[in-house]
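Everything on this sheet refers to the single structure shown next.
The values are calculated or read from the model by the stated rules, or taken from the named source; none is laboratory data. Please read all numbers here as calculations on a predicted model, not as lab measurements. Ideal geometry is used to build each Cβ from the backbone, glycine not excepted, and the neighbour counts take in all protein chains shown.
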Amino acid sequence: MLKQSVCVDPPWLFFDFQRQNNALGDRIFHRVKRLERKNDRCTGNWVADKWLLRSLMKLRSMPLKNVTVGMIARRLLIFVFATLLLFQLVDWLPWRDGNRLMIADLKNDGRVTAYPVNRKLNMDDDTFTLKELYTTSKRTAIRYSFRKKVRDGWSFPTASVKLLNASGKELVQHGASSTGVPWGENGWIYFDPLPAGINKLTLRYDWYDRQGELLILLEKEESTE
Amino acid sequence: MKISRLGGVLEWCAVLILFMILLWVSGLDRGSFTAQGAHELSERSYHYGPSKVVRKVQVDQDTVVFLGTYKQWFSADTVTRSHLKWHPSGGVAGVPKNPEKPLAYSWDINSTGSDGGLAKFYGYVNDPDIVTVELDVVMEDRSSNTATSGSERQSISDDHMFLFVWKTEGRDFRWQSIKGLDREGKVRYENKLQ
């Protein structure tokens, strides 16, 4: 009688022991790998490994534990932190930073003229950037950004900023507002209106023993209604 | 299996990084662990100083006032501690010493919070003959609607500065007058504030 040679896979290969992410699953995996190296499926000479069969039964009876407490905890934390950060980030989107409201408020005065400046002034270790100058018939406003080396402590003392016209006369400051950001703050300072025909202004920083000056030439105009 | 464990470690790193970014963004990492650190922070952010601390006054466990001078100015910077960290509280601004006057003074009343803030009256003595300052004050208790008047004295030492400090505790402080007296008790300077 001819012995028929059948290529058969051992029974344990049909069991997905790799789905169990635990120590027993690991041991079964290594045992199977060792057996596969020693045996040839076409000889049909699989040694019945009692330990292997017993372990497979045990593994099958275990509840599926791919998801651990640690995994749930850390994924939940990632989700929570990322959501909180997203809320913060939304506040910093360019169109949400409140500038539109300030400009709309200026428009209540009538015609607003905007002059882009973008000039920097060093104040100790911090940097003050005069972004734009806005003039209306009732007031002058400047929009600034302030970058702090150490973000903590008092907010920028806006009283230290003065506007002088060409003859050295000071435009009185009438208030300021600012919003904090992690790297410093952005804000507005309001002054007396600009006398007619003025095209040169000096921004002076005068604070205790610190001084600085910026000359602003109002040539480039960008008119807004 | 090893790959999944590596993924676990990477995910915990992501948790840590996100947490630190959130901490930075929220500003909860502000303040200093020392009163001195908070004082330096206060002056640096105010673009004043750094002043020379002539006297450090411990008002209570969580409140310290740094009396200092910087060039022609003097100040009484208060820092307070809440939740382990010290934060600037007020009074950092320098006041001109005004050497042509016998003494210069300023005050700072901070009455926020239930346990109240501080009422400070401080100054710098220029006249070397003034050895004592006397402050007359009326304290009005808002809840019981009573007024107490008091007179406090302080002797001037080498640091030339004086500081009268009280916890406000729901009271309004009305400064009446400040006097500078010499060794014999003669008034060399007086200013009525009310």
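What's the number of the condition residue A:156 fails, among (1) touching a residue at least 60 places away in the same chain (Cβ under 8 Å); (2) farther than 19 Å from residue A:103 by Cα? Condition not satisfied by residue A:156: (1). Candidates are the residues of the stretch B:32-59 that are more than 14 Å from residue A:153 (Cβ to Cβ) and assigned to a strand (DSSP E or B); the one that is modelled with the lowest pLDDT is B:59. Of all the criteria given as (1) under 18 Å from residue A:177 (Cα atoms); (2) not in a helix (DSSP H, G or I), the one not satisfied by residue A:106 is (2). When residues in the stretch B:23-67 are screened for being within 13 Å of chain A (Cβ to nearest Cβ) and touching a residue at least 12 places away in the same chain (Cβ under 8 Å), 16 of them pass.
Note on the stretch A:140-225: enclosed strands (runs of 3 or more DSSP E) holding 1 or more residues that are aromatic (Phe, Trp, Tyr), modelled with pLDDT of 90 or more and closer than 15 Å to residue A:117 by Cβ are A:140-147, A:184-191, A:200-207.
Residue B:89 meets each of the listed conditions (1) facing chain A (nearest Cβ under 10 Å); (2) under 27 Å from residue B:163 (Cα atoms) apart from (1).
Checking the conditions here, which among A:148, A:120 is charged (D, E, K, R) and more than 16 Å from residue A:182 (Cα to Cα)? Just one listed residue meets the conditions, A:120. Residues in the stretch B:155-194 that are exposed (fewer than 14 other Cβ atoms within 10 Å of the Cβ) and among the polar types (S, T, N, Q): B:155, B:157, B:191, B:194. Can you confirm whether residue B:129 is in contact with a strand residue (DSSP E or B) (Cβ under 8 Å, 6 or more places away or on another chain) and more than 26 Å from residue B:64 (Cα to Cα)? For residue B:129, the condition - in contact with a strand residue (DSSP E or B) (Cβ under 8 Å, 6 or more places away or on another chain) and more than 26 Å from residue B:64 (Cα to Cα) - is met. Within the stretch A:78-129, if we keep just the residues that are within 14 Å of another protein chain (Cβ to nearest Cβ) and touching a strand residue (DSSP E or B) at 6+ places or on another chain (Cβ under 8 Å), the residue that is nearest to residue B:11 (Cα to Cα) turns out to be A:92. So which residues in the stretch B:173-194 are of a type in the set (Asp, Glu) and in contact (Cβ under 8 Å) with a residue 40 or more places away in the chain? Across the stretch B:173-194, the qualifying residue is only B:182.
Within the stretch A:156-181, the set of residues being surrounded by fewer than 14 Cβ atoms within 10 Å (Cβ to Cβ) and closer than 30 Å to residue B:23 by Cβ comprises A:177 only. Output yes when any residue across the stretch B:77-86 is within 12 Å of chain A (Cβ to nearest Cβ) and modelled with pLDDT under 90, and no when none is. Taking every residue of the stretch B:77-86 in turn, at least one turns out to be within 12 Å of chain A (Cβ to nearest Cβ) and modelled with pLDDT under 90. Screening the candidates B:18, B:84, B:6, B:22 for the property of being outside the structural domain of residue B:137 (by TED's automatic domain parsing) and surrounded by fewer than 13 Cβ atoms within 10 Å (Cβ to Cβ) yields one hit, B:6. Here residue B:108 fulfils each of the conditions (1) closer than 16 Å to residue B:49 by Cβ; (2) part of a strand (DSSP E or B) apart from (1).
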